[in-house]
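Accompanying notes for the structure given below.
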Amino acid sequence: MITDLLEPTEFNPYFAQYINLASSNDILESLAKSMLVTHDFFENISKEKLNYRYADGKWTPLQVLLHIIDTERVFAYRALYFARSNGGKLVGFDQDEFIENTSSDLHLDELLKEFIAVRTATISLFKSFNENTLKKKGIASGNELSVRAAGYIICGHEVHHINIIKERYL
């Protein structure tokens, strides 16, 4: 399990469920591989299902993709901040508030382009980190987080949501 490669102080235990879903111990490999898998997965969801909600108040697959993009931006910023500073504290974010403050006019093609752009930037960012930098930590949402744990969370978070879509939407 990937969490075995990390120190327990590098992440909130809640995030172990995401970290262990990353496809590789190598963050760059996992980011690159999952970019293709996620893109292809969403591209192959039928148009009828893209705006489907399996229950009242649940997000559509398009909103889930936007959430994946938003979360990647947040965790990539956390990684950047901790890598380039000497610790520090960052506040959390409310995922539901982010979705509520988004246009209801979401288009798959635009979201996929945005996803690829964000992931490409995340890969470039993580390429700039050396082994010591990857182990640097700060506080996010009141919990310690290392740069490398943030990278694994990005990878596993999207797998988590793809699994939910497969189970409840398709």
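The values are calculated or read from the model by the stated rules, or taken from the named source; none is laboratory data. Quick caveat, the model's predicted, so the values are computed rather than measured. Backbone-built Cβ (ideal geometry, glycine too); neighbour counts: all protein chains shown.
Structure above, values below:
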| quantity | calculated |
| --- | --- |
| Lone unmet requirement of (1) loosely packed, with under 14 Cβ neighbours inside 10 Å; (2) within 19 Å of A32 (Cβ to Cβ) for F129 | (1) |
| Where I99 falls short, out of the listed (1) of a type in the set (A, V, I, L, M); (2) surrounded by fewer than 17 Cβ atoms within 10 Å (Cβ to Cβ); (3) at pLDDT 95 or above | (3) |
| The stretch 34-50: number of residues that are surrounded by 13 or more Cβ atoms within 10 Å (Cβ to Cβ) and either closer than 17 Å to A76 by Cβ or more than 16 Å from the chain's Cα centre (by Cα) (or both) | 6 |
| Residue match in the stretch 102-118 (condition: modelled with pLDDT of 95 or more, in contact with a Pro (Cβ under 9 Å, 6 or more places away or on another chain) and among the β-branched types (V, I, T)) | no |
| Looking only at the stretch 22-33, and only at residues there that are of a type in the set (D, E, K, R) and in a helix (DSSP H, G or I), the one that is surrounded by the most Cβ atoms within 10 Å (Cβ to Cβ) | K33 |
| Subset of the stretch 134-157 that is over 13 Å from the mean Cα position of the chain (by Cα) and small (G, A, S) - its residue that is surrounded by the fewest Cβ atoms within 10 Å (Cβ to Cβ) | G142 |
| Every residue from the stretch 77-131 that is under 10 Å from V147 (Cβ atoms) and outside any loop (DSSP other than H, G, I, E, B) | R78, A79, L80, Y81, F82, A83, R84, L125, F126 |
| Boolean, S34 is touching a strand residue (DSSP E or B) at 6+ places or on another chain (Cβ under 8 Å) and of a type in the set (S, T, N, Q) | no |
| Inter-residue pairs, beta-carbon under 9 Å, first without any contact (Cβ under 8 Å) to a residue 40 or more places away in the chain and in the stretch 16-31, second part of a helix (DSSP H, G or I) and exposed (fewer than 15 other Cβ atoms within 10 Å of the Cβ), 6+ apart | N25/L5 |
| Output for the stretch 56-80, where each listed residue is surrounded by fewer than 19 Cβ atoms within 10 Å (Cβ to Cβ) and of a type in the set (S, T, Y) | Y77 |
| D109 vs. criteria surrounded by 14 or more Cβ atoms within 10 Å (Cβ to Cβ), among the charged types (D, E, K, R) and either touching a Phe, Trp or Tyr at 6+ places or on another chain (Cβ under 9 Å) or over 23 Å from N20 (Cα atoms) (or both) | no |
